[in-house]
1. Within the stretch 249-263, can one find any residue that is buried (at least 24 other Cβ atoms within 10 Å of the Cβ), in contact with a Lys or Arg (Cβ under 8 Å, 6 or more places away or on another chain) and of a type outside the set (A, V, I, L, M, F, W, C)?
2. Return the only residue of Pro404, Pro362 being at pLDDT 95 or above and outside the structural domain of Ser240 (by TED's automatic domain parsing).
3. If Gly296 meets every condition in (1) closer than 28 Å to Leu7 by Cα; (2) free of Cβ contacts under 8 Å to residues at least 40 places away in the same chain apart from one, which number is that one?
4. For the structure I just gave you, tell me whether Ser343 is hydroxyl-bearing (Ser, Thr, Tyr) and over 30 Å from Glu291 (Cα atoms).
5. List every residue pair whose Cβ atoms lie under 6 Å apart, where the two residues are 6 or more positions apart in sequence or sit on different chains, the first residue falls within the stretch 404-433 and is touching a residue at least 40 places away in the same chain (Cβ under 8 Å) and surrounded by 14 or more Cβ atoms within 10 Å (Cβ to Cβ), and the second residue, located anywhere, is polar (S, T, N, Q) and not in a helix (DSSP H, G or I).
6. In the list Tyr178, Tyr226, Tyr130, which residue meets the criterion of being assigned by TED's automatic domain parsing to the domain that holds Asn106, in contact with a helix residue (DSSP H, G or I) (Cβ under 9 Å, 6 or more places away or on another chain), crowded, with 18+ Cβ neighbours inside 10 Å and at pLDDT 95 or above?
7. Among the residues of the stretch 126-163, write down those that are of a type outside the set (A, V, I, L, M, F, W, C) and under 11 Å from the mean Cα position of the chain (by Cα).
8. Among the residues of the stretch 234-267, which ones are part of a strand (DSSP E or B) and basic (Lys, Arg)?
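The values are calculated or read from the model by the stated rules, or taken from the named source; none is laboratory data. Everything numeric in this text was worked out from a predicted model, so none of it was measured. We place every Cβ from the backbone using ideal geometry, glycine too, and count neighbours over all the protein chains shown.
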Amino acid sequence: MMRTRPLKVALLGCGVVGSEVARIMTTHADDLAARIGAPVELAGVAVRRPDKVRGGIDPALITTDATALVKRGDIDVVVEVIGGIEPARALITTAFEHGASVVSANKALLAQDGATLYAAAEQHGQDLYYEAAVAGAIPLIRPLRESLAGDKINRVMGIVNGTTNFILDKMDSTGAGYQEALDEATALGYAEADPTADVEGFDAAAKAAILAGIAFHTRVRLDDVYREGMTEVTAADFASARQMGCTIKLLAICERAADGESVTARVHPAMIPLSHPLASVREAYNAVFVEAEAAGQLMFYGPGAGGSPTASAVLGDVVAVCRNRLNEATGPGESAYTQLPVSPMGDVVTRYHISLDVADKPGVLAQVATVFAEHGVSIDTVRQHGRQDGGGEASLVVVTHRAPDAALSGTVEALRKLDTVRGVASIMRVEGE
């Protein structure tokens with residue numbers, strides 16, 4: 001039997017995502033009510049610009065006083081899609097204090113101070129759901145928090161930013177340079193006017209912190225995530241990758257150490273074999289590859305951004321939270337019982353592709369090989385060819401076996417000091433093998 005009193009939802013933010021949340025709540029009201037067991041009602045919408053026309057939303061619901069809205073006391077669920085740290089953090093904690101559960105898409109806040117939000121939710125007996133914070137419409141957070149709760153996750157690796165994947169895909173498939181591919185992404189609306197958060201890896205790093213925390217049951221903050229952007233990736237890097245049977249992706253990688261005593265979280269461009277499932281992820285799509293002890297390898301794929309896909313994830317959380325309220329229960333909270341330390345990037349062990357500009361004369365390869373050996377980095381393959389423009393220089397490409405990142409950094413520093421090395425053209429990690 002359906003409860004007749006509606007569950008009331010307050011919406012904080014009515015931009016691309018918020019407006020879609022409101023639209024779907026209205027157009028699919030009957031279906032949502034049937035799935036929840038009670039009607040859901042949009043009870044208020046907090047915005048910064050009240051005079052903007054918002055089709056399909058009753059103007060009487062619009063307010064600029066977000067704090068008053070979350071303090072009302074009759075609100076069951078607060079949906080926060082304004083982003084940023086403040087006032088979002090204060091509004092979410094205030095919502096908990098006044099008896100509302102929260103659905104958020106705020107990856108930056110969750111990565112920087114998720115512990116505070118979890119603690120406030122637990123203190124006041126409320127839910128905190130955030131499926132939309134990572135990978136848009138792709139069901140990922142709930143499978144990690146619930147479906148795989150009985151398993152041990154060892155690695156999460158994925159493409160979690162559509163803008164960067166679009167740019168790198170265009171560079172790979174068309175031979176375009178970075179700036180040309182970025183311009184196309186901007187023209188199509190995939191990249192913001194200021195793309196820094198995407199191309200420098202900040203967006204992906206926030207998502208990596210969230211994924212690592214859930215996967216490894218430990219607290220991982222944004223500051224714990226090693227980050228490199230992809231603005232230095234060149235057409236020459238893609239040419240080298242193709243020679244190795246690889247492509248290049250900006251990856252978020254979260255790993256449990258082999259001994260199980262620590263974890264790492266990192267974001268950087270990397271070469272991956274064309275045979276790996278992530279290599280075939282095209283355009284602005286996202287995909288996350290999970291390796292679990294019992295379940296094995298799992299792949300989650302789909303649109304990672306956009307108004308409708310993100311709203312789909314938000315409303316999935318709204319349905320779950322509303323069901324919990326009807327049953328006078330709450331869903332999973334923070335699971336950080338392992339309290340594992342986050343190791344520095346220097347401890348990460350992987351393979352490397354290093355491209356050097358060197359003097360084209362006898363003995364250079366031997367000098368370079370000696371430096372690698374002195375730092376304990378084993379060489380797998382070497383390719384050398386003279387520069388077409390002459391000038392007595394050659395290009396030397398070294399691919400290593402697995403080695404600690406700190407050892408590779410020491411190797412590169414020593415290589416730069418050799419008189420025969422004119423420059424280090426690029427350094428790329430090789431993953432997914």
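1. no
2. On the way: Pro362 fails: at pLDDT 95 or above.
Among Pro404, Pro362, only Pro404 is at pLDDT 95 or above and outside the structural domain of Ser240 (by TED's automatic domain parsing).
3. All conditions pass for Gly296, except number (1).
4. On the way: hydroxyl-bearing (Ser, Thr, Tyr): yes; over 30 Å from Glu291 (Cα atoms): no.
So Ser343 does not fit the description; no.
5. What qualifies is Ala425/Ser355; Ser426/Ser355; Arg429/Thr350.
6. Working: Tyr178 fails: assigned by TED's automatic domain parsing to the domain that holds Asn106; Tyr226 fails: assigned by TED's automatic domain parsing to the domain that holds Asn106.
So the residue among Tyr178, Tyr226, Tyr130 that is assigned by TED's automatic domain parsing to the domain that holds Asn106, in contact with a helix residue (DSSP H, G or I) (Cβ under 9 Å, 6 or more places away or on another chain), crowded, with 18+ Cβ neighbours inside 10 Å and at pLDDT 95 or above is Tyr130.
7. Within the stretch 126-163, Gly136, Gly158, Asn161, Gly162 meet the criteria.
8. Initial filter on the stretch 234-267 (part of a strand (DSSP E or B)): 246-256, 263-267.
Within the stretch 234-267, Lys249, Arg256, Arg266 meet the criteria.
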